[in-house]
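Structure, as structure tokens:
The values are calculated or read from the model by the stated rules, or taken from the named source; none is laboratory data. Please read all numbers here as calculations on a predicted model, not as lab measurements. We place every Cβ from the backbone using ideal geometry, glycine too, and count neighbours over all the protein chains shown. Protein only, heavy atoms only, side chains kept; ligands, DNA and RNA dropped before computing areas. Shrake-Rupley method; radii C 1.70, N 1.55, O 1.52, S 1.80 Å.
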Amino acid sequence: LILDFGSQYKQLIARRIRECHVYCEIHPHRMSAADVRAFAPAGIVLSGSPSSVLDAGSPQLDPGVLRLGVPVLAICYGLQLLAHDLGGRVERTEQREYGRAPLRVERDDVLFTRGDLAPERVVWMSHGDSVLALPEGFEVIATSPGSPFAAVRDPKRRIFGLQFHPEVSHTEGGAALLAAFARDVCGCSGRWTMSAFV
């Protein structure tokens, strides 16, 4: 299940997940925890957004979604929203971080096990806010010069957050990262094909 917060890349997230033979649907971020439970997803992706979590009226997530015990991958705004709502700290940056950035994987993690890539790779950043402090229970997976929390996780709750966009072609190993979340974290079989759909 992809919950859309207004991302221009939401269809690309869905495409990447479908390319690894996992079925997915995009729904609005307003979807209630009860409706998410009824949907019974194997995993949830929180999309990015042009909004700021610091603005009044910014897109929100039903807090009950995080209590369903379903793995979550929060991308860009999704990460900032979780940090803001769960007790971390988010602030506006003086200069928007946009474009390619070097990423360094600091800790072994399932998200970075697929693909034959070195611990250092190039990713695509696009954000005006930054996470300055993580909520309790979260730990750093990867860093970049402009984002000390470029990839994070709460291993107990199986919540992952990325400051960068894995769905775009500019991010090295991004498709493999999304496949790792769908297949290895969420346990999807990877049997969904167009012939199976028909």
Among the numbered criteria (1) under 14 Å from D4 (Cβ atoms); (2) in contact with a Phe, Trp or Tyr (Cβ under 9 Å, 6 or more places away or on another chain), which single criterion is violated by I44?
(2)
Would you check if V22 is buried (at least 19 other Cβ atoms within 10 Å of the Cβ), more than 15 Å from the chain's Cα centre (by Cα) and under 17 Å from A180 (Cβ atoms)?
yes
Can you say whether G115 is open to solvent by 40 Å² or more (accessible area, probe 1.4 Å), at positive phi and either in a loop (DSSP other than H, G, I, E, B) or among the β-branched types (V, I, T) (or both), as far as the supplied structure shows?
yes
Among the residues of segment 127-182, write down those that are part of a strand (DSSP E or B), more than 15 Å from L81 (Cα to Cα) and either open to solvent by 30 Å² or more (accessible area, probe 1.4 Å) or in contact with a Cys (Cβ under 9 Å, 6 or more places away or on another chain) (or both).
E139, V140, T143, P148
For A74, the lone unmet condition from (1) part of a loop (DSSP other than H, G, I, E, B); (2) modelled with pLDDT of 95 or more; (3) in contact with a helix residue (DSSP H, G or I) (Cβ under 7 Å, 6 or more places away or on another chain) is (1)
Only one of (1) open to solvent by 10 Å² or more (accessible area, probe 1.4 Å); (2) closer than 27 Å to D109 by Cβ; (3) assigned to a helix (DSSP H, G or I); (4) out of contact with any helix residue (DSSP H, G or I) (no Cβ under 8 Å at 6 or more places or on another chain) is not met by P41, so which one is it?
(3)
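Before we move on, is R89 modelled with pLDDT of 95 or more, surrounded by fewer than 21 Cβ atoms within 10 Å (Cβ to Cβ), farther than 25 Å from V110 by Cα and among the basic types (K, R)? Working first, answer last.
Numbers: modelled with pLDDT of 95 or more: no; surrounded by fewer than 21 Cβ atoms within 10 Å (Cβ to Cβ): yes; farther than 25 Å from V110 by Cα: yes; among the basic types (K, R): yes.
No: the conditions fail for R89.
Determine whether segment 94-110 contains at least one residue that is under 19 Å from A182 (Cβ atoms) and open to solvent by 20 Å² or more (accessible area, probe 1.4 Å).
Here is the first cut: in segment 94-110, the residues under 19 Å from A182 (Cβ atoms) are 109-110.
Next cut, open to solvent by 20 Å² or more (accessible area, probe 1.4 Å) only: 110.
Within segment 94-110, one or more residues are under 19 Å from A182 (Cβ atoms) and open to solvent by 20 Å² or more (accessible area, probe 1.4 Å).
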With the structure loaded, tell me whether V65 is closer than 21 Å to V185 by Cα, touching a residue at least 12 places away in the same chain (Cβ under 8 Å) and part of a loop (DSSP other than H, G, I, E, B) or whether it fails that test.
no
Surrounded by fewer than 14 Cβ atoms within 10 Å (Cβ to Cβ) and either without any contact (Cβ under 8 Å) to a residue 24 or more places away in the chain or not aromatic (F, W, Y) (or both): which single residue out of S32, S49, S7, S58 fits that description?
S32
What single numbered condition from (1) closer than 20 Å to V45 by Cβ; (2) more than 15 Å from the chain's Cα centre (by Cα); (3) small (G, A, S) fails to hold for A182?
(2)
In segment 126-173, residue nearest to L111 (Cα to Cα) [restricted to those that are out of contact with any Pro (no Cβ under 9 Å at 6 or more places or on another chain) and of a type in the set (D, E, K, R)]:
R153
